[in-house]
Each structure stands twice: as C-alpha cells, then as structure tokens.
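Here the structure comes first, spelled out in structure tokens, and everything after it is commentary.
The values are calculated or read from the model by the stated rules, or taken from the named source; none is laboratory data. Keep in mind that this is a model prediction, so the values were computed, not measured. Quick reminder, even Gly has a Cβ in these numbers, built from the backbone with ideal geometry, and neighbours come from all protein chains shown.
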C-alpha cells in the first residue's frame, strides 16, 4: 500500500500580498493606482469646493450668451451678437486653417531641403545646413514675431496706392495687392441670380450661367430641450449628429472588413461591385447626411443675403467641383493603370499623358464656365482694399513662420530617412541606368517614407500645437477666441481652458489617427 | 505640457480659494509689503522711470495705500499685468490690489467677484487717427482697420458702436499697448482705440504728437478705479477710504506742502479727523491714527497726483474735465470723514 501524500493545500494569507513575490508586484501596482486616483480625486474635489466657496461653480452656460466681440477672419457667418460657442467654432476653424496650410508647406519645404542637404553641390548642401540650423535653434515665437514685423514694416500702407502720384501699385497686372495689412488676391466667385433688396443683381451678371448657390443648414425645425441641466440647443444637436455620423463611419471603416466579407457572401471576390470597408463608410456618411437633411430642415437658399439664420452654409458649387475633380482623377488613374498593363504585356508604353491631362482639365473647365466662374480683383475703396480675397498679414506671418520652423525639423527627418536606405539600393538603380532624379523618386524616397512617417506625425502635432502662439500676431485661433477674449470677458478660466484642451486633444488625436492610417498603407508589408 | 497646464490651473484655483478669505490687511502687515497690480507700462498712469522707479497716477494710489497701511510709501511690490492677466492675478491672491485703469462694470463687480472701491479717473473710449487721414468724426470710419487691445471693455464698446451706426470695420486684436503703438505708427491700422486718457498718454510718447488727433466721439463711460477681491470687506474699506482721503484732502485744501502744519492741529474738525489728531478713524480701520497723514505724504492729494502725472503741464496734458471736484462742476465727491 502506497502512501500518497497530498500536496500542501494552497491557502491564501494576507501576508502573502507583501511577502510572496507572485502577489507583491500586483499589490504595489494596486496601491500606486489607488494613490494616484486619490490624488486626482482630492485635486478635483478641492478645486470644485474652492470654486463653489468663491461662488464660481463650474458651468458652461456662458457659452450660449452673446460674445459681444468681433473677429476679423471668419470662415462662417459670425457677428458680435453670436454666442461664445460660435466664436469658439470660428476659432477652431482658424486653427485648422493654419494647421492644414502649415503642414502642407512645411512638408514640401522640408522634403526639398532634406533632399538638397544631401546634394553633391557643396554650396547648396551647406546653404541648406545653415537654414536648418538657424531655424530649429531659435524659438518659434521669435520667428513669428519677426515675420509679423516684416509684414508690417516693409510693404506699403494702403494709402500709398491712392492718388495720382501713388508710390505703390497693384502688382501682377492689377490682380494682387501687397499691403502692410495683408495680401489681397483675386477671389473666385460663381455666377448667381441673387437679387438685392433694391432690385439690382448682387453678383456679376454672367448671362444664363449661374451657380447652384448654397445650402442653408438651419436648425429652425428643432427645439431646445434640457438634459441634466445642460441646454441642448439645435446647434449642439446638429454637431452631435455630425460627429456621431463621422465616428460611425470611422468605426465602419476600421471594423468593416468582416461586415464587408459577409455582405460579399463570405468569400473574397474581385467583382467591381464588391463591398469594401471604404464603400461602406461612404454609404454610412451618405445615409447620415440624408438623415441630417430631413432633420434639420436644410434647403437651397439663393435669396438669403448677408448673415443667414442657419448654422452654416454649404456651397453646392464647391461640392460639385470637388466631386467632378475626384471622378476625373479616378478616370485618369484608370488610364494610367491601363497603360501600365499594356507596358507589362507588350513592353511598349502608349503615350497617355495628354489624355490624362485632358480628362482632368476639360471637364473642370466646362464645369467652371457653366457655373459662371468669375474673379473679383482688389480695388482701393475708402480706407482699405475691397473685393478680392484678403490674406491678413497675421495669417501669412504665422503660416510662414510655422512652416519654415517645422520644415527645418522635417528636413532632418527626411535626411535621416534617406540615409537609412542602404547605398546598394541607389547603386543598383544606377547600374540599371536610372538617372539620379528617378533613383531618388522611384527607389530611395518610397523606401525612406517608412522611416520618415512616424517622426513626421509628431512634427505635424507640434506645428498644430505651436499655432496656439497665434495671439502674438493677433490671429484669432481657438486660443485667441475661446481661451482669450471669451475667458476674459466671462472670467470662466477653468471651463474655457478645459474646453480648449479638449479641442486641441481632439485635433491632435485626429491628426495622429489619419497619419497612422497612412503609415499602415506605406509600411513594409510582410507576408 | 497640457497636463501641467491643467494641474497649474487647478492649483491656482485652489490657492485662489484658500487665500480669498484670509484677512488681506493682516497679510500685508505681516509681509511688510503691498503687492499692487499695475499696467505693463502706460506713461502717466504707471510706468517705470529712467531709474526703474515706478511712477504715475495709478502708482500714486498704490503708494498711498502702502503708506496708510505700512507707514512707508516705498513698501510696494509693483506687479505688471496685461489686460488678460490682471483679473487672474487679483483672484489668485498674487496681488492685493489692482490699480490698473480698470473699468468698473456690472459683470466684473458681480460675476467676476471683485469689489471696486471707487473711481479715481472718469474716462471714456476714444479714437486716435493720423491727422493726414482727414477724418473728423468716428462715424467716417466705415471700413477702417482698427487696432484694439484684447481682453478689455474697449473691444465690446467698439463692436457695439460700429453695429449701432451700421458701419463696418476690421478689428486687429493686439496684446499690449506697445505692440498697438508699433502697428498704428507703421500704418498697419488706420485707427487706434482705447480709453481717451490712454490715447493721450500714448500720443505723448510719439515723435511727432501733432500729427495725430483724437476724434471728438467718446463712445463709452469708463469709470476707472482700484479694485480688490470680493468678500474681504476690511481690506476693501482700507483701500476705499485711502482713495477718499486723497479726494477729501483736495477738497479741504490739505496738500503735501501744508500737511505738517495742518497735522499740528487746525480749526476744521474734519481735517483733524482725516489726519488723525481727533477721533479714532484709524483705529476703526485697523490702522494707526496717522494713516491719513501718511497716505497724503506719499504723493500729495488727488490734485497733486493728477497735476504731477497727467495734468496739463505734463506731456500727456489731460484737463481735469469730469475729474474735477464736485464743487468745481466735476464728479469727484467723497463721502464725509465722520
């Protein structure tokens, strides 16, 4: 008879939390987490208590009160009677404008400089080195202020364009006026049959050629109701629907693979009408927009003049131009693919560049003509130039300084990316007889992109966050409106700063997300 | 970075609340120094001179309060504040008193939880344009580019004025007076608008002041005065009655020249009460009996401060106007010292 000894029974004692290495690390982490939570809890509790004692309970109600101040650069209708929240939206749009413009130019300049810095031409490579070192070693605020000072001091004031012995004139055949208040460039407009109150046409008559006008998104069909003490206004409902539609379509895009496969009958197909996540996303967006349309009482408004009652207006002409452009680019790409196929099969590439060009240019030209495109040019009226598109010098200074500053960093990233590609690659390309330009474009840069993209994301984020220095030159971004004047006039520091942080966080995360998608698509695919 | 801002905001808010209810008067006495918020530099009102000594009309109020409380007119720490930072500085306890030509408005008094203790200058918002622009009235300014300091009541008045007259303008928001001056002189804006006294002070620093003119329109009421935090009435009383002492002294003819003589005793009981030789007003405020005398010795009475810093014989050349004593047809009227 064998004696079986039972293994000692697992028993848990409290002391094991400290003395048993299996549990100790968990104990420490839990304690640290509790401590951290307690600290933040105390901070929030203390703040809200103290604010309550001061009689300043956190409240976002001020956002719906009239702002009272004017904003010079506004992409949507806004006047001093609009609520603070709308001023904040105008500020967000201005931030986005500078972020998008800045990222594009910074990328172009950065890539150019990065490539040129590796040039065999001694003068060019050293010049680029000097550029990079000066720009990235001086704080960006100084560059912004310097750019603004140049914009103010050097170009002529509008009054110097006036009179018979004017000392300044409108350049480029009278189309571009460079003044110390900004640059006025021709402004594209579409023909319209709007009639003013006095019976005259409001826009340039262009015969029968008229544009489609604007869609007035207004919220008159909806009511304000209250939820947990918050006023849910039609504007808020509108944004809620827009944001949820966007989020829904993004989710569909990310997790749409399975849905698309099941809709395709559970198998991979190559049919041109197969369901893809991208197409699903478009469908969700379209449905959401149609739902919006019926909910919000949108309507085409050609008569509305000046400030509309709507939340904002969408230019149908612009949408049509974008749609036609996308379609013709797609057709152009198909022509290229076909030429590629023929080249693969026969070894001879048919000449298609003029067809591809015509496919993009001709329909666009016809469309623009049919919509009655015309330009207004800057003319001196009263104190300032009227008509034309006014690029304020605050915008230009900020754009220029941020782009040049960030481009210096991007140039270094591009240079490191190029140097990361083994020399064998370009030598192999040279051996095949590719010119140095094509080697760079076709062999080196596509591979370097994989190294370049991730650090590039953080530079885009930096540029966007640096744009909050805008108030130094009087550019009304979100820091200038919501966290500047609104904060000041309402005295709601905590609320406005929290809201501003939330907005920057959202913008930054969106940029990261978009760039990560792009990174996924260019990174090395391992099968 | 963002997180640290958040933490900072929370901490500032916590400190603000913590400090708000302690007695500011005791704090100042214990510290031996008055923290006084002033502008970042507006000649005549508050600006450092060649030796780095702050001087000006608002600075005079700071010094008078310091003299009344601490007996020493130089025991002041001047904290320069911009239009945007001034209220946070006061609410957070960084400064004890804000004397920075700040307009007394309902929402600042009630919603921002401050206490305006009186008015030391009755002002109004005006416009300055170059003479060669040929503009004679603010109503001719349709389409003009206007330089304006952000974070001030000026911004709201301007929007209201142009809206009421159905004319358009292009606002150029600017952070400080110095930047505004640079843009205005370079012609990047046609008009500079702020309180008329501030315009006069700014113009005085120009190379050619004659080439700029103030338009006749005054588009707002701007009663400027010192302010303290709401809820600390003892401290509010000290500042209020120091200001009243300056005004009353002018009315009673007490100047820095004759104050020693007056303090020895006079026939006028109100002068005696003001200078502490009679009654116990100082004790009621929690100050020494000669607080009024100290306050007046710091820079003289209201009229002396005015004439020395912004009066007609200075480059700023402001006339008394609304700021004359009520006996001379102005608005200055101090409650009695009794």
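Miscellaneous remarks
- Criterion applied to A:463, A:469, A:445 was being surrounded by fewer than 22 Cβ atoms within 10 Å (Cβ to Cβ), under 25 Å from residue A:144 (Cβ atoms) and within 25 Å of the chain's Cα centre (by Cα), and the one residue passing it is A:469.
- Applying a threshold of 6 Å to beta carbon distances and a minimum spacing of six or more residues, or different chains, the list of pairs starting in the range A:338-367 at a residue that is farther than 30 Å from residue A:321 by Cβ and ending at one that is assigned to a loop (DSSP other than H, G, I, E, B) reads A:342/A:350; A:343/A:349.
- Subset of the range B:109-139 (residues that are touching a residue at least 40 places away in the same chain (Cβ under 8 Å) and within 11 Å of chain A (Cβ to nearest Cβ)): B:113, B:114, B:129, B:130, B:132, B:133, B:135
- Residue B:204 vs. criteria more than 14 Å from chain A (Cβ to nearest Cβ), within 25 Å of residue B:309 (Cβ to Cβ) and at pLDDT below 90: yes
- Scanning the range A:49-63 for residues being at pLDDT below 85, surrounded by 16 or more Cβ atoms within 10 Å (Cβ to Cβ) and part of a helix (DSSP H, G or I) gives a total of 3.
- Test: residue in the range B:251-272 that is over 30 Å from residue A:149 (Cα atoms), in contact (Cβ under 8 Å) with a residue 24 or more places away in the chain, in contact with a strand residue (DSSP E or B) (Cβ under 8 Å, 6 or more places away or on another chain) and away from chain A (no Cβ under 14 Å): yes
- Consider the range B:182-196 and keep the residues that are in a helix (DSSP H, G or I) and within 8 Å of chain A (Cβ to nearest Cβ). The one that is surrounded by the most Cβ atoms within 10 Å (Cβ to Cβ) is B:183.
- For the range B:140-153, filtered to residues that are under 22 Å from residue A:480 (Cβ atoms) and either without any contact (Cβ under 8 Å) to a residue 60 or more places away in the chain or in a strand (DSSP E or B) (or both), the residue that is nearest to the other protein chains (Cβ to nearest Cβ) is B:144.
- On the stretch given as the range A:381-402, residues that are more than 9 Å from every other protein chain (Cβ to nearest Cβ), over 11 Å from residue A:183 (Cα atoms) and modelled with pLDDT under 85 total 1.
- Yes/no for residue B:73 being in a loop (DSSP other than H, G, I, E, B) and in contact with a helix residue (DSSP H, G or I) (Cβ under 6 Å, 6 or more places away or on another chain): yes
- Output for the range A:151-162, where each listed residue is more than 8 Å from chain B (Cβ to nearest Cβ) and exposed (fewer than 15 other Cβ atoms within 10 Å of the Cβ): A:154, A:162
- With respect to the conditions (1) within 12 Å of chain B (Cβ to nearest Cβ); (2) assigned to a helix (DSSP H, G or I); (3) over 20 Å from the mean Cα position of the chain (by Cα), residue A:70 lacks only one, and its number is (2).
- Single match in A:520, A:495, A:526 (criterion: surrounded by 19 or more Cβ atoms within 10 Å (Cβ to Cβ) and more than 8 Å from chain B (Cβ to nearest Cβ)): A:495
- Flag for residue B:44 being within 14 Å of another protein chain (Cβ to nearest Cβ), crowded, with 18+ Cβ neighbours inside 10 Å, at positive phi and in a loop (DSSP other than H, G, I, E, B): no
- Single condition residue A:81 does not satisfy, out of (1) within 30 Å of residue B:158 (Cα to Cα); (2) within 14 Å of chain B (Cβ to nearest Cβ); (3) in a helix (DSSP H, G or I); (4) without any contact (Cβ under 8 Å) to a residue 24 or more places away in the chain: (3)
For every residue, the table says whether it meets (1) surrounded by fewer than 17 Cβ atoms within 10 Å (Cβ to Cβ); (2) in a helix (DSSP H, G or I); (3) assigned by TED's automatic domain parsing to the domain that holds residue B:29.
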| residue | (1), (2), (3) |
| --- | --- |
| B:135 | no, no, no |
| B:170 | no, no, no |
| B:180 | no, yes, no |
| B:198 | no, yes, no |
| B:206 | yes, no, no |
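- The single condition among (1) away from chain B (no Cβ under 14 Å); (2) within 30 Å of residue B:108 (Cα to Cα) that residue A:486 does not meet is (1).
- Residue among A:127, A:202, A:118 that is more than 26 Å from residue A:475 (Cα to Cα) and at pLDDT below 75: A:202
- Scoring residue B:104 on the criteria (1) touching a residue at least 60 places away in the same chain (Cβ under 8 Å); (2) surrounded by 21 or more Cβ atoms within 10 Å (Cβ to Cβ) leaves a single failure, condition (2).
- Residue within the range B:53-62 that is surrounded by fewer than 20 Cβ atoms within 10 Å (Cβ to Cβ) and free of Cβ contacts under 8 Å to residues at least 24 places away in the same chain present: yes
- Summed over the range A:414-471, residues that are part of a helix (DSSP H, G or I) and farther than 21 Å from residue A:98 by Cβ total 36.
- Hits in the range B:80-101 - residues which are more than 14 Å from chain A (Cβ to nearest Cβ) and surrounded by fewer than 20 Cβ atoms within 10 Å (Cβ to Cβ): B:80
- A count restricted to the range B:47-79 and to residues that are out of contact with any strand residue (DSSP E or B) (no Cβ under 8 Å at 6 or more places or on another chain) and more than 22 Å from residue B:26 (Cβ to Cβ) stands at 5.
- Scoring residue B:226 on the criteria (1) farther than 22 Å from residue B:106 by Cβ; (2) touching a helix residue (DSSP H, G or I) at 6+ places or on another chain (Cβ under 6 Å) leaves a single failure, condition (1).
- Residue that is assigned to a helix (DSSP H, G or I) and more than 28 Å from residue A:390 (Cα to Cα), where the choices are A:501, A:483: A:501
- Counting only strands (runs of 3 or more DSSP E) that fall entirely inside the range B:208-283 and contain at least 3 residues that are at pLDDT 90 or above and surrounded by 21 or more Cβ atoms within 10 Å (Cβ to Cβ), the qualifying elements are B:227-229.
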